[in-house]
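These notes are about the structure you will find just below.
The values are calculated or read from the model by the stated rules, or taken from the named source; none is laboratory data. What you see is a predicted model, and the numbers here were worked out from it, not measured in a lab. Cβ atoms come from the backbone with ideal geometry, glycine included; neighbour counts cover every protein chain shown.
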Amino acid sequence: MQPIMVYMTAENLDQAKVIARELIENRLAACVNVLEGMRSMYHWEGSIEESREVVVLAKTREELLPDLTRRVREVHTYDCPCIVSWPLTGGHQPFLDWIGKETGAAG
């Protein structure tokens, strides 16, 4: 099992909570953190945009990323939502094992 962290952004707190609940209820993530108060600046359709967003961080397994991405895209309001991941290469092993357990990985 390869645990990963998935970084996403949401338009507002309500949308972030919908995403978090979908991932937890469907066992696509063991834990989701929602962090308010982020300012984003980015190119979009030929302009530089600035907006407030909410960060969504999900702890899951690499093999669940395609299903997680599909589910987030289904509930997200953005045309091109930010959904990126990186491997968790170390840490407190009982916590890493818990990620697997809560997302249905065999022990």
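Some observations on this one:
- Looking only at segment 63-107, and only at residues there that are under 16 Å from the mean Cα position of the chain (by Cα) and among the charged types (D, E, K, R), the one that is nearest to Leu23 (Cα to Cα): Arg71
- Residue count for segment 65-107, restricted to those that are buried (at least 16 other Cβ atoms within 10 Å of the Cβ) and touching a Phe, Trp or Tyr at 6+ places or on another chain (Cβ under 9 Å): 3.
- Just one of the listed residues (Asp79, Asp14) is out of contact with any strand residue (DSSP E or B) (no Cβ under 7 Å at 6 or more places or on another chain), assigned to a helix (DSSP H, G or I) and either at pLDDT below 95 or of a type outside the set (A, V, I, L, M) (or both), namely Asp14.
- Criterion violated by Thr60 - all others in (1) over 12 Å from the mean Cα position of the chain (by Cα); (2) part of a strand (DSSP E or B) satisfied: (1)
- Taken as a whole, segment 4-12 holds at least one residue that is surrounded by 16 or more Cβ atoms within 10 Å (Cβ to Cβ), in contact with a His (Cβ under 8 Å, 6 or more places away or on another chain), more than 19 Å from Phe95 (Cα to Cα) and among the small types (Gly, Ala, Ser).
- Subset of segment 30-57 that is in a strand (DSSP E or B) and among the acidic types (Asp, Glu) - its residue that is farthest from Cys80 (Cα to Cα): Glu36
- The number of residues in segment 59-76 being touching a strand residue (DSSP E or B) at 6+ places or on another chain (Cβ under 8 Å) and either more than 12 Å from Met8 (Cα to Cα) or touching a residue at least 60 places away in the same chain (Cβ under 8 Å) (or both) comes to 7.
- Contacts under 6 angstrom Cβ, first residue in segment 33-58 being more than 12 Å from Ala10 (Cα to Cα), partner of a type in the set (Asp, Glu) and part of a strand (DSSP E or B), 6 or more apart: Met41/Glu50; Tyr42/Glu49
- Residue among Arg21, Arg27 that is basic (Lys, Arg), outside any helix (DSSP H, G or I) and surrounded by 12 or more Cβ atoms within 10 Å (Cβ to Cβ): Arg27
- Of all the residues in segment 15-31, those that are polar (S, T, N, Q) and touching a helix residue (DSSP H, G or I) at 6+ places or on another chain (Cβ under 6 Å) number 0.
- Near pairs, Cβ below 9 angstrom, 6+ apart or cross-chain, from segment 17-30 (under 10 Å from Gly100 (Cα atoms)) to any residue that is of a type in the set (Gly, Ala, Ser) and assigned to a helix (DSSP H, G or I): Ala29/Ala20; Ala30/Gly100
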